[in-house]
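J.: First the structure, which I've put down as structure tokens, then a few questions once you've had a look.
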Amino acid sequence: MFKIYKMKGEVSQMRKTLRKIISGMLALSMVFCLASCSGGNSPSSSSTDGSSKAESEESGAPEGDVTLNMLSHTYAALEYYADQMKTKAPEGVTVNAEMTNYTDWQEKMRLNLASNAASYDITYITPQDIAEFAANGWLEPLDEYVEKYWDEYNFGDIPQYLWDAYSYDGHIYGIPSHQWAMILFYRTDLFDDAGLSVPETLDELVADAEALNKDGRSGITLTLQASDMLMVTYQSFLTACGGWFWDDDYNPTFSGEASLKAIDYLQKLYQYTPDDSSGYGNNEATVAMGQDLAAMTMMQTTRSSSMNDPEQSTVVGKVAFASAPSLEKGGASAAIWNTAGYSICKFTENDIDTCFKTIANATDEESSIGGADSGMPCREAALTDELLAERTDYDAAWKAIQSGATLRPTIPEFSEIMEVSMTALSSVLTGQGDAATAMAEVDKEVREILDDAGYYD
């Protein structure tokens, strides 16, 4: 049901790693400075009695007080699980949680890990990041700990497709906390006033965006920032149009028929988005929807709760949710599926068992049920019929997942591929290039990346 791409053979990471390190030399010096100024882990978090990490792990418990440092992306669900990590940490363990936006998290984590820094013990993670981080040897394999604590934490309550998503090259590298899918947010009052029905196709989505683009309000807002944000939107439309980034032999298809059709829909919708939408990430699109600046958005379910929060929204009670439209009625939803969780940094100086239990405590059944309001749970115990009946956003997401919503590509080279493709796509959307020409050039560059990595050997 889920399309999860694996590596083709053993591929080299040298080219990608060198590019990252060379391009970020100045930033790396800042990381070293950060590590030295902050002291990395506090003295209390490191062993001072001459015992090794392996010896500490055998006991399964920290010796004395321990401080674990975590770096995380931030939104409601992640803030909840960060709090759970703090309040449910094992005895004698203190968790410091540093929260930032996704782009900053990703770059900071890459630079720290590439320099073998021990500044962080635990990191937020998604499956696409695991592919890159694990391939570079930056994450701790968790197989033995998952097996050791399988019954204690009832890990069998987590569906297999989620364990698959957190696995790379035969090893588990993370514990999932919550999941989501791209769904449609829409203003019920505006739809009623205009006599419109919820769009089921991409053509209907464009027509509704045009009809609702008035009275100082955009017809739709999308995440179009030239980064991970635009990739989510592009992939949603790409798969709805029957496409993927490459064929079964890893030949790039960015200039293929399905991709150009997806881009055409994005170009049509772009004219009905806010003037500055080319810089919109999740936060900006959420604010636009919640502050009555847009009539629709396609957004992750992690953002749905904010629509009914009076502190964040001026349209409380006026936003409903539905599965994202498809190319044709009954076809694949324009949806991307993803999940978030936590991994242990390879270079931690702390006991792995302690780090693992800190994560497991924060993502157990109790926490999963308690966090259902801010993020779609990963635990089957929390995904009850009653819960789904109450949460129309989760119902829409679940339908999208069941209908074939795709996971992000899980190959180590995808971050580099994304940089190339999203820069080109952003230029096309903002009228600075021809789609066919620009994406043909993307195909060439992506092929070079994959060729250098050994995909065609």
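J.: Looking at region 436-451, is at least one residue more than 17 Å from residue 174 (Cα to Cα), of a type in the set (Lys, Arg) and surrounded by fewer than 21 Cβ atoms within 10 Å (Cβ to Cβ)?
T.: Restricting attention to region 436-451, the residues satisfying the condition of being more than 17 Å from residue 174 (Cα to Cα) are 436-451.
Those still in the list that are of a type in the set (Lys, Arg) too: 444, 447.
From the residues that got through so far, the ones that are surrounded by fewer than 21 Cβ atoms within 10 Å (Cβ to Cβ) too are 444, 447.
Looking for residues that are more than 17 Å from residue 174 (Cα to Cα), of a type in the set (Lys, Arg) and surrounded by fewer than 21 Cβ atoms within 10 Å (Cβ to Cβ), one finds at least one in region 436-451, hence yes.
J.: Tally up the residues in region 206-231 that are among the aliphatic types (A, V, I, L, M) and surrounded by 24 or more Cβ atoms within 10 Å (Cβ to Cβ), please.
T.: So in region 206-231, the residues among the aliphatic types (A, V, I, L, M) come out as 206-207, 209, 211-212, 220, 222, 224, 226, 229-231.
With surrounded by 24 or more Cβ atoms within 10 Å (Cβ to Cβ) added as a condition, the list becomes 209, 220, 222, 224, 230-231.
Residues meeting the conditions: 6.
J.: Only one of (1) assigned to a helix (DSSP H, G or I); (2) farther than 27 Å from residue 225 by Cα; (3) touching a residue at least 24 places away in the same chain (Cβ under 8 Å) is not met by residue 456, so which one is it?
T.: Here residue 456 meets the rest and fails (1).
J.: So which residues in region 416-435 are surrounded by fewer than 19 Cβ atoms within 10 Å (Cβ to Cβ), of a type in the set (Gly, Ala, Ser) and more than 13 Å from residue 230 (Cβ to Cβ), if there are any at all?
T.: Selection gives 431, 433.
J.: Right, another one. Sort through 196, 238 and tell me the only one that's assigned to a helix (DSSP H, G or I) and either hydrophobic (A, V, I, L, M, F, W, C) or at positive phi (or both). Steps first, answer last, please.
T.: Numbers: 196 fails: assigned to a helix (DSSP H, G or I).
Every option except 238 fails the conditions.
J.: Quick one: how many residues across region 128-163 are closer than 18 Å to residue 356 by Cα and not in a loop (DSSP other than H, G, I, E, B)?
T.: 15
J.: Within region 231-282, take every residue that is β-branched (Val, Ile, Thr) and in contact with a strand residue (DSSP E or B) (Cβ under 9 Å, 6 or more places away or on another chain) and give me the one that is nearest to residue 207 (Cα to Cα). Even if it seems obvious, please write down each step before you answer.
T.: Narrowing region 231-282 to residues β-branched (Val, Ile, Thr): 232-233, 239, 253, 263, 273.
Filter once more, keeping what is in contact with a strand residue (DSSP E or B) (Cβ under 9 Å, 6 or more places away or on another chain): 232-233, 239, 253, 273.
Working: 232: 22, 233: 18, 239: 21, 253: 28, 273: 13 Å.
So the residue we want is 273.
J.: Could you tell me whether any residue of region 433-446 is under 19 Å from the mean Cα position of the chain (by Cα) and either farther than 26 Å from residue 255 by Cα or of a type in the set (D, E, K, R) (or both)? Let's see the steps before the verdict.
T.: Going residue by residue through region 433-446, those that are under 19 Å from the mean Cα position of the chain (by Cα) are none.
No, region 433-446 contains no residue that is under 19 Å from the mean Cα position of the chain (by Cα) and either farther than 26 Å from residue 255 by Cα or of a type in the set (D, E, K, R) (or both).
J.: Select from region 388-415 the residues that are outside any loop (DSSP other than H, G, I, E, B) and under 16 Å from the mean Cα position of the chain (by Cα) and write down the one among them that is surrounded by the most Cβ atoms within 10 Å (Cβ to Cβ).
T.: We begin by selecting, within region 388-415, every residue outside any loop (DSSP other than H, G, I, E, B); these are 388-390, 392-402, 406, 414-415.
Restricting the remaining residues to those that are under 16 Å from the mean Cα position of the chain (by Cα) gives 397, 401, 406, 414-415.
Numbers: 397: 29, 401: 22, 406: 22, 414: 21, 415: 19.
Among those residues, the one meeting the criterion is 397.
J.: Quickly run through region 80-108 and pick out the residues that are closer than 18 Å to residue 231 by Cβ and in a helix (DSSP H, G or I). Break it down into steps so the answer makes sense when it comes.
T.: Step one: of region 80-108, the residues closer than 18 Å to residue 231 by Cβ are 101-107.
Across region 80-108, the qualifying residues are 102, 103, 104, 105, 106, 107.
J.: Return the residue satisfying two criteria in turn: it lies in region 164-190 and is part of a strand (DSSP E or B) and hydroxyl-bearing (Ser, Thr, Tyr), and of such residues it is farthest from residue 239 (Cα to Cα).
T.: First pass over region 164-190, keeping only residues part of a strand (DSSP E or B): 167-168, 171-172, 175-187.
Checking which are hydroxyl-bearing (Ser, Thr, Tyr) leaves us with 167-168, 177, 186.
Working: 167: 23, 168: 23, 177: 26, 186: 22 Å.
Top of the filtered list is 177.
Any read-out appearing in this document is the output of simple, stated calculations on the displayed coordinates, not a laboratory observation. Remember, it's a predicted structure, so these values are computed and weren't measured experimentally. Note: ideal-geometry Cβ built from the backbone for every residue, glycine included; neighbour counts use all protein chains shown.
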